[in-house]
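Notes to accompany the following structure.
The values are calculated or read from the model by the stated rules, or taken from the named source; none is laboratory data. All values derive from a computational prediction rather than experimental measurement. Methodologically, a virtual Cβ is constructed for each residue, glycine included, from the backbone with ideal geometry; neighbour enumeration extends over all protein chains shown.
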Amino acid sequence: MKLSSLGEFGLIDSIRKMTAQQSPSVLIGIGDDAAALKLSSSSLLLATTDMLLEGVHFNLSYTDFYSLGWKSAAVNLSDIAAMGGVPRFCLISLGIPSSVSVEQVKDFYRGFRAVLRAHRTVLVGGDTCSSRKGFVINIVVLGESEKAKLVTRAGAKAGDRIFVTGTLGDSAAGLDLLRAATGRKRQEAWRRKLIQKHLRPVPRVAWGRIIAIAKCAHAMIDISDGLSSDLAHICDESGVGARIIAEDIPFSRSLLAASDKLGKSPLYYALSGGEDYELLFAAPPAKAKKLRSFDITVTEIGVITGERRLLLSCEGKTKPFRPTGYNHFKKSGG
Ligand code: ADP
Ligand code: MG
């Protein structure tokens, strides 16, 4: 069977079934943003890993090494944020082609360190290899959480309100702008902001922690693949469905300014774009007021339903929709 017929998530699912093993120490294994492993009756070790490959995740013709280091750290910390955890330690392995200089590697580490410092995470090791083709990055982040505060992708209940932090779609629009860049020297502010969101995302570690400590989320995920796909992950793991209201999805002014020029709608970028690294979570209705009292940017965008399908309400019409976010092995969506 071809990988393209199974897709990234189908493949992970079959790996998960093949390797399923019960261990009393594994609270959460394959299938969430991070594994949650029991250290004691009340405390958990969180572990997550993500790869970034040249030509797949980044292009060195429009990504500087500082930003690459920054983003590599940010996307991994984001998975700890999605569990409501605290990142603590990190390991990094690099495959470096001969075309990359020592100065560029140092720049990478400067960006990497800036994000780790901001989140009090300590680099404790890694591995270094030469690469025949392309720059390869693999990172492991270890974090911690109290067992009682952990938030997983499972647990959303019919009637829960769906919230997102920040604004959606900026990163994917920033990527389109980078791809279409014509080498212009002076850039409008909206262009710079969207590109910045793509190259240097900010992991919502503190916000994830606030949401978890206040027990405001039944389920949570970070948006790495696009709202449609990441919402589908929460629904699959929780055994529920969802209805999203298009007009309620938060867009930045920069994205609204860009979409005319790029010919794609903000809604398209939010649903299918990915790499926003905002948090998407299902909150019991009684917690909605409490959530709004925190110093965090959250917007209610829909409701969890008992029927296992995804619905999108737009201009008064409600239609089913499918996950169309990023999927390795598939050309688009699914
Ligand atoms: P995220 O986008 O949050 O990083 P992924 O979609 O990459 O999540 O991974 C989902 C789950 O599948 C995680 O638990 C991850 O550890 C696991 N996973 C991904 N690839 C593999 C693999 N090749 N073998 C085992 N587990 C995997
Ligand atoms: Mg994730």
(message) Return the pair list, or none, for Cβ contacts closer than 7 Å from residues in the stretch 221-241 that are of a type in the set (Val, Ile, Thr) to residues that are within 11 Å of ligand 1 (Cβ to nearest atom) and not in a helix (DSSP H, G or I), at least 6 apart or on different chains.
(response) Ile221/Asp33; Ile221/Ala82; Ile221/Arg153; Ile223/Gly274; Ile223/Tyr277; Ile234/Arg153; Ile234/Ile221
(message) What's the total number of residues in the stretch 12-31 that are in a helix (DSSP H, G or I) and either closer than 25 Å to Ser43 by Cα or touching a strand residue (DSSP E or B) at 6+ places or on another chain (Cβ under 8 Å) (or both)?
(response) 1
(request) Specify the residue that is farthest from ligand 2 (Cβ to nearest atom); the eligible residues are those in the stretch 233-252 that are assigned to a helix (DSSP H, G or I) and surrounded by fewer than 24 Cβ atoms within 10 Å (Cβ to Cβ). (result) Glu247
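Quick one: count up the residues across the stretch 32-49 that are touching a Lys or Arg at 6+ places or on another chain (Cβ under 6 Å), modelled with pLDDT of 95 or more and either within 16 Å of ligand 2 (Cβ to nearest atom) or assigned to a loop (DSSP other than H, G, I, E, B) (or both).
The number of residues fulfilling the criteria is 1.
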(request) Quick one: which residue in Leu271, Leu312, Leu267, Leu256 is more than 20 Å from the chain's Cα centre (by Cα), crowded, with 18+ Cβ neighbours inside 10 Å and not polar (S, T, N, Q)? (result) Leu312
(request) Consider Gln187 carefully, then state whether it is out of contact with any His (no Cβ under 6 Å at 6 or more places or on another chain), assigned to a loop (DSSP other than H, G, I, E, B), free of Cβ contacts under 8 Å to residues at least 60 places away in the same chain and more than 15 Å from ligand 2 (Cβ to nearest atom). (result) yes
(message) Against the condition modelled with pLDDT under 95 and surrounded by 18 or more Cβ atoms within 10 Å (Cβ to Cβ), how does Phe9 come out, does it pass?
(response) yes
(request) Could you look through the stretch 81-133, keep only residues that are touching a Phe, Trp or Tyr at 6+ places or on another chain (Cβ under 7 Å) and part of a loop (DSSP other than H, G, I, E, B), and pick out the one that is nearest to ligand 2 (Cβ to nearest atom)? (result) Thr121
(request) Scan Ala270, Ala283 and give me the residue that is at pLDDT 95 or above, assigned by TED's automatic domain parsing to the domain that holds Arg179 and touching a strand residue (DSSP E or B) at 6+ places or on another chain (Cβ under 6 Å). (result) Ala283
(request) Scan the stretch 218-232 residue by residue and report those that are buried (at least 24 other Cβ atoms within 10 Å of the Cβ), farther than 15 Å from Thr324 by Cα and more than 8 Å from ligand 1 (Cβ to nearest atom). (result) Ala219, Met220
